[in-house]
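Participant: Dropping the structure in here first, questions after.
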């Protein structure tokens, strides 16, 4: 039951991010945009938090599932969120109301990395390896 709640949280948060992207792409106003504008570096902090938390929520929903890439285990959430982030950020080049900003992309990936490190710590606490 708890696992289903984690899946719903991940889906809901992804939906929230999709809604925010829709608002930005269509040039609509939002209280979130006003809040971000009021905080120094709020846009970058928003990118860091949104995509970092999405990575964490997907890791929890997938029970920290990994795939081996070049002999290294990589969280499936990292692959999913990274792909989404790259496509979303690059798509801004084609949307008149948006601006392609590689610093946003860096903030996204720093968030993914930090929350992946937290996920690794959390995974060890939730699923300890018994010797």
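Participant: So how tilted is helix 42-61 from the main axis of the chain? Cα-based, degrees 0 to 90, rounded to 10.
Facilitator: 30 degrees
Participant: Rounded to the nearest 10 degrees, what's the angle between the helix 102-126 long axis and the longest principal axis of the chain, both from Cα atoms, 0 to 90?
Facilitator: Helix 102-126 sits roughly 20 degrees off the main axis of the chain.
Participant: Using the Kirkwood radius built from alpha carbon pairs, what does the Stokes-Einstein equation give as D for the chain at 37 °C and 0.692 mPa s, in µm² per second?
Facilitator: Rounded to a whole number, D works out at 208 µm²/s.
Participant: Continuing with the same structure: Angle check, please: helix 76-91 long axis (alpha carbons) against the longest principal axis of the chain (alpha carbons), in degrees 0 to 90, nearest 10.
Facilitator: Once rounded, the angle reads 10 degrees.
Readers should treat all values here as calculations from the given coordinates under stated rules, not as data from a laboratory. Only a predicted model underlies this, so the values are computations on that prediction, with no experimental measurement involved.
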